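Take a look at the structure set out below.
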Amino acid sequence: MTVETDKIVLRVAEVMIEELKLEDVTADTFDPEVDLVDEVGIDSMDLATVALVLQDEYGIRIDEDDYPKLTTVRRIADYIQNKLNE
Amino acid sequence: MYVSDESRSSAGEKSIEKSQKKWKFSEILSDPAVKERWEKVRKYFFLRESTYDVTGRCNIRCEGCYYYEGEKQFAEENRDPEAWRSLMKAEKERGITFVVLAGAEPALVPELCRVCYEEMPLGTIASNGLKQIPADTGYKIHISVWGNDSSSLRVRGADNMLIRQIRNYKDDPRAVFVYTFTRQNMDEIHEVMEILAAENCKVTFNMFSAPVGYSGYLRHTPESLLYCRETMLSLLRKYPDHLLYSPYNAVAHTHRLGLHDLYGCSYPRMNPSTDLGLGRSFRQYRSDLGWDRAAACCVPDTDCPDCRHYASGSAVVTARLFRHADDPLRFRSWLDYTDTYLAVWVMGYEKGENLCEEPIAPPGQDAA
């Protein structure tokens with residue numbers, strides 16, 4: 001994992017907490033491997049909201065068809081990193 | 001008056017022209033009115049619905065009724081309130097937060113409606129409005145109207161239907177009168193709307209969507225769809241205080257393409273994915289408390305290509321947030337649609353003024 005990916009993981013966690021108003025967790029304590037659907041309880045509307053914010057921030061396009069792959073903060077960060085490397 | 005093909009294509013081109021710039025979501029939200037409405041509607045993203053046929057009985061029999069199509073009508077009723085209570089508890093555990101009670105006619109089993117409400121406080125009941133549901137069941141109540149009393153007598157076999165519905169639900173904050181446009185009753189809306197507005201009733205619109213195999217005279221044609229749209233838009237201007245609707249609702253539900261072709265239906269019947277959203281959580285329970293994923297949608301036994309149901313759109317259009325966030329007017333239209341949906345379906349939610357007064361094309365389509 002690169003330093004850059006670490007920063008993205010942290011930022012994705014921050015966006016997740018801010019946009020979904022998650023309580024009792026900070027970006028530093030957010031487990032990047034936790035399943036966002038099964039364990040955090042986010043749904044398609046939540047994911048769409050987060051995707052729109054991250055798209056703006058990183059200047060990438062997150063395809064709706066890719067949502068099912070974005071099940072953890074780590075996977076979202078890797079997805080962003082790959083898009084940035086394209 | 002029917003709208004010509006020529007005006008259809010010019011409306012489509014106009015909308016497509018507007019979509020050339022690539023907008024950032026933050027730019028779209030920089031408008032304070034948009035931002036305020038976004039913050040208002042997103043508080044309800046926690047809603048996760050399922051639907052429940054609470055009884056197989058009805059006090060009337062309507063032509064083209066969805067309940068009496070397919071297999072669900074033969075399910076043996078479970079009339080045990082405690083069985084329903086257990087189901088609601090299990091549904092809550094599963095993450096469901098919103099119930100839609102349908103039927104045949106839920107007003108015939110008020111004790112089951114009450115138990116559901118006690119366990120799951122957010123929901124809507126679909127009723128014909130001829131029997132009052134007790135006030136201690138605090139769900140929204142959608143009262144189906146299929147034309148004036150003459151049409152209701154012919155299609156539904158019930159006398160003085162509108163007067164009886166109004167008598168039961170006038171001044172009831174739970175009530176929304178749902179006028180279903182068929183090919184035969186499009187002009188009757190004017191007299192019905194005048195009566196309902198005079199009685200200070202809230203109204204929204206539905207489009208008749210043919211059950212599988214139905215080819216009767218209620219089924220819409222391309223011409224009748226456009227005529228309905230023009231009628232809806234003119235009524236929106238005339239009755240802004242009584243109609244819960246928006247120009248984008250009119251576009252989405254009268255487009256030549258049905259909801260599935262326009263947006264991709266997210267209900268399990270047409271959506272095999274179980275990863276997220278309705279495909280993962282939605283169930284349509286029959287009156288025996290069973291359910292079948294292959295048949296699960298908001299109005300089972302509808303002919304999917306013809307589906308323009310208000311209930312379907314309320315889930316299918318609102319779920320397409322991402323696709324509508326590509327253009328300020330389209331996003332405003334989506335906000336209007338979502339605001340309308342919440343006002344129609346959720347007790348205590350008040351609709352705001354529409355943010356977009358012109359008919360905007362759905363994502364990737366023309367407006368017609």
Legend entry - Translational diffusion of chain B, µm² s⁻¹ [Kirkwood Rh, Cα pairs; Stokes-Einstein; 37 °C; 0.692 mPa s]: 158 µm²/s
Inset, instruction - Just tell me how shielded B:24-32 is by partners: mean number of partner chain Cβ atoms within 10 Å of each residue's Cβ, no decimals. - result: 3
Inset, instruction - Treat the count of other C-beta atoms within 10 Å as a stand-in for reagent exposure and order B:M88, B:M161 from fewest to most. - result: B:M88, B:M161
Legend entry - Ranking of B:M270, B:M232 by count of other Cβ atoms within 10 Å, fewest first: B:M270, B:M232
Inset, instruction - Translational diffusion coefficient, Stokes-Einstein: compute it for the protein assembly as shown using the Kirkwood radius over C-alpha pairs as Rh, at 10 °C and 1.306 mPa s, and state it as an integer in µm² s⁻¹. - result: 69 µm²/s
Inset, instruction - Restrict the search to the range B:189-256; then list the chymotrypsin sites (Phe, Trp or Tyr not before Pro) that DSSP places in a loop and that have at most 16 other Cβ atoms within 10 Å of their Cβ. - result: B:Y217
Legend entry - Label-to-label distance, nm, for residues given as B:L153 and B:E63 (7 Å Cα→Cβ offset): 1.5 nm
Inset, instruction - Quickly work out the B:Y349-to-B:N160 label distance, labels modelled 7 Å from Cα along the C-beta direction, and quote it in nm with one decimal. - result: 3.6 nm
Legend entry - Long-range amide H partners of B:I141 with built H, under 5 Å: B:I125, B:A175, B:V176
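I need to check one value: relative contact order of the range B:47-314, counting alpha carbon pairs closer than 8 Å and at least 6 residues apart, in percent.
21 percent
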Legend entry - Cross-link reach list, lysines versus B:K21, counting only Cα pairs under 28 Å and skipping chain neighbours closer than eight places: A:K83, B:K35, B:K40
Legend entry - Over 25 Å (Cα to Cα) - which of A:K7/B:K43; B:K202/B:K238; B:K92/B:K140; A:K21/B:K92 fall in this group: A:K7/B:K43
Inset, instruction - For the range A:3-85, count the residues as N, evaluate 2.2 N^0.38 Å, and divide the Cα radius of gyration by that value, please. - result: 0.97
Legend entry - Kirkwood-based Rg to Rh ratio, the range B:213-350, C-alpha trace: 0.98
Inset, instruction - Would you order B:V317, A:V40, B:V299 from fewest to most other beta-carbon atoms within 10 Å of each residue's own beta-carbon? - result: A:V40, B:V299, B:V317
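Using only atoms on other chains, find how many Cβ atoms lie within 10 Å of each Cβ of peptide B:324-331 and report the average.
Shielding by partners across B:324-331 averages 1.
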Legend entry - Cα-centred dipole magnitude for the range B:254-353, charges only on beta-carbon of K, R (+1) and D, E (-1), debye, nearest 20: 160 debye
Inset, instruction - Could you work out the local net charge near A:R74, counting Lys and Arg as +1, Asp and Glu as -1, over the other residues with Cβ closer than 12 Å to its Cβ? - result: -3
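Values in this text are rule-based calculations from the coordinates and carry no lab data. Because the structure is predicted, anything quoted here is derived from the model rather than measured. No Cβ is skipped: glycine too gets one built from the backbone with ideal geometry, and neighbour counts run over all protein chains shown.
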